[in-house]
Amino acid sequence: MSVTTKPEPTATAVPIENSLTAGRLPTPAPWMILGAAILVAAAIFGVLALADGSEFNWGGALLVGAVLYIPSIWLFSMLVEGRRRAMDRLVTALVTGAFVLAMIPLISLTITVITFGLNRFDVDFFTMSMRNVTGEGGGVLHAIVGTVLMTGTAAIISIPIGLMTSIYLVEYGRGRLARGITFLVDVMTGIPSIVAGLFAYALFSIFLGPGTRTGIAGAVALSVLMIPVVVRSSEEMLRLVPNELREAAFALGVPKWLTIVKVVLPTSIAGITTGIMLSISRVIGETAPLLIAAGFTQSMNWNLFDGRMSSLPVFVYTQYANQGNPPEAYLDRAWAAALTLILIVMALNLIARLVAKFFAPKFGR
C-alpha cells in the first residue's frame, strides 16, 4: 500500500507595506514635520536676531513653529492620505495646540509662585503673625486662621441652604416659584464678588453701625458667592439619579422625604461633596469682598463677631500694595502666602476627588 504525502506549501514572500504608497503617513511623520517647522522658525528668528543684534527669542520661535506645523501637517496629509484624514489631522493639531496654549500660563504661574514663594516658606512664617513687625520677619498665621474661620463659617451657612434649595428644585419645584428661584440662582452666579462684599458690609452696618468690619460679615459675603455654586452642582447631581430608584422606593410604600434621605442623597453624595469642595475652592481666594466686609489686621483674631479679621488673599494684597523697607521682605511674604493659598486649594481638590472615589455608589454585586 502506497502512502501519499501531502506536498508542503511553498512559502510566499509577504510584501513589505510602504506607508507612503499605502496612503498613510509614517508614524513619526507628525513629529518630524513639527521638528522641521520649529527649525524653520528658529532659522527665521536667528536671522532677525543677527540683523538687529538682539537676543534669540526662543518663545517666539516655538510659537511660530507650532503655527507653521498646523498647515504643514494638513498639506502633507492631503497629498498622501486624502481629504478626510487630512481634516482629522488638522482638527487634532488645532485641539492639541489649544490645550498646550492653555497650559502655558498655568505652568508659568505655578513655576513663578513656587520659585518666589519658597524664599519665606519656613517655620516662622507659619507660626507668627505680623503684629509689631516692620521690615523682615513676621508670618501669616493670623491670615490662615482668618481664612479657615471665615471660609468654614461660609460653608456652614451655604451648604444647608444650597442643598435644600437644590432638593426643592429637583424633587418638589414646579411652576413659577421654581422658575423664579432658578432665575435668581443664575443671576447670583454671575454677580461680581465685590457686590457680595458691599451687600454684607451694608447689612451689618445697619445693625452694628457704619464702618463696622467683622469676620462674620466676610463669611456672609463668601456665602453669597458660594450658595449658587452649591445649588447648581447639587442640582445636577440629583438629576443624575435614575427615576427608577425613586419609583422602586415609592412602590414599596416609602414616603417621598424618606426616599430622598435614604435613596437619592446616598446615590449622589459623591458628586454633591465634590461640588461643595469646588465651591469652597472658588471662594477661598476672593479678595474684594473680604477687603470690604472683614477688612484686614496685623494681629491674631479668633472672634468672628469682634473686630477686623485678615485672610490669605487680603494678606497677599496688602503686602504687595503697602511695601516698606526693605521691599523684598514684603514681596517674599506675599509670594509665600500665595503659594500657601494654592496648596490649600490643591488639597481641597484632592479631597474632593478622594471623596468622589470612595463614596461613589457601587452598582456591582
Problem set entry | Computed over region 193-256, Kirkwood Rh from alpha-carbon pairs, angstrom | 14.7
For this session: For n ≥ 4 DSSP H runs only, could you compute -39500 (n - 2.57) per run for the chain, divide by its residues and tell me the 222 nm figure to the nearest 500?
Result: -23000 deg cm²/dmol
Seminar exercise, completed: Computed over the chain, protein heavy atoms only, probe 1.4 angstrom, the accessible area per residue in square angstrom equals 60
For this session: Based on alpha-carbon positions alone, could you give the equivalent ellipsoid semi-axes of region 141-291 from the gyration tensor, as √(5λ), descending, whole Å?
Result: 34, 17, 12
Exercise. For GLU171 and LEU48, FRET efficiency with R0 = 45 Å and r from the beta-carbon atoms, rounded to 0.05?
Worked result: 0.10
Exercise. If you take the Cα atoms of the chain, find Rg, then find the Kirkwood Rh from the mean of 1/r over all pairs, what is Rg/Rh?
Worked result: 1.17
Exercise. Carbon-plus-sulfur fraction of the accessible area of region 27-118, 1.4 Å probe, in percent?
Worked result: 77
Problem set entry | Computed lengthening from PHE358 to LYS256, 0.36 nm per intervening residue step minus Cα-Cα distance | 34.0 nm
Exercise. Working out 0.36 nm times the residue gap between LEU118 and ALA321, then minus their Cα-Cα distance, what length gain in nm do you get to one decimal?
Worked result: 71.0 nm
Problem set entry | Cβ crowding within 10 Å averaged over residues, with 309-321, 195-207 ranked highest first | 309-321, 195-207
For this session: Once you have the Cα-Cα distance between ILE181 and ILE194, take 0.36 nm times their residue separation minus that, and quote the gain in nm to one decimal.
Result: 2.4 nm
Exercise. Carbon and sulfur atoms: what percent of the 1.4 Å accessible area of region 127-358 do they account for?
Worked result: 68
Exercise. Using θ = phi - 60° and the Karplus form 6.51 cos²θ - 1.76 cosθ + 1.60, what ³J(HN,Hα) does each residue of region 213-221 get, whole Hz, x for Gly and Pro?
Worked result: 10, 9, x, 5, 5, x, 5, 5, 4
Problem set entry | Rounded to whole Hz, the Karplus (6.51, -1.76, 1.60) HN-Hα couplings of region 320-337, x for glycine and proline | 7, 7, 10, 6, x, 10, x, x, 4, 5, 5, 5, 4, 5, 5, 5, 5, 5
Problem set entry | Spatial separation of Cα centroids for region 86-162 and region 320-356, in angstrom | 5
Problem set entry | Phi-based couplings in Hz for region 246-260 (Karplus 6.51, -1.76, 1.60; Gly and Pro marked x) | 5, 5, 5, 5, 4, 5, 8, x, 6, x, 5, 5, 6, 4, 5
Seminar exercise, completed: Counting only DSSP loop positions in region 44-85, the chymotrypsin sites (Phe, Trp or Tyr not before Pro) whose Cβ has at most 13 other Cβ atoms within 10 Å are PHE56
Exercise. How large is the charge dipole for the chain, taken about the Cα centre, if only the Cβ atoms of Lys, Arg (+1) and Asp, Glu (-1) carry charge, to the nearest 20 debye?
Worked result: 1300
Seminar exercise, completed: Shape call for region 27-118, from the Cα gyration tensor axes a ≥ b ≥ c (a/c under 1.5 means rounded, otherwise prolate when a/b beats b/c, else oblate), comes out oblate
For this session: Can you give me the three principal axis dimensions of region 69-136 from its C-alpha atoms, in Å, biggest first?
Result: 73, 15, 14
Exercise. Roughly how many nanometres apart are two label points built 7 Å out from the Cα toward the Cβ at ILE104 and THR127?
Worked result: 4.4
Seminar exercise, completed: So, over other residues within a Cβ distance under 15 Å of ALA288, counting Lys, Arg +1 and Asp, Glu -1, the net charge is +1
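The values are calculated or read from the model by the stated rules, or taken from the named source; none is laboratory data. Please read all numbers here as calculations on a predicted model, not as lab measurements. Positions of Cβ are generated from backbone atoms using ideal geometry, with glycine treated the same way; all protein chains shown enter the neighbour counts. Ligands, DNA and RNA are excluded from the accessible area calculation, which covers all protein heavy atoms including side chains. Shrake-Rupley method; radii C 1.70, N 1.55, O 1.52, S 1.80 Å.
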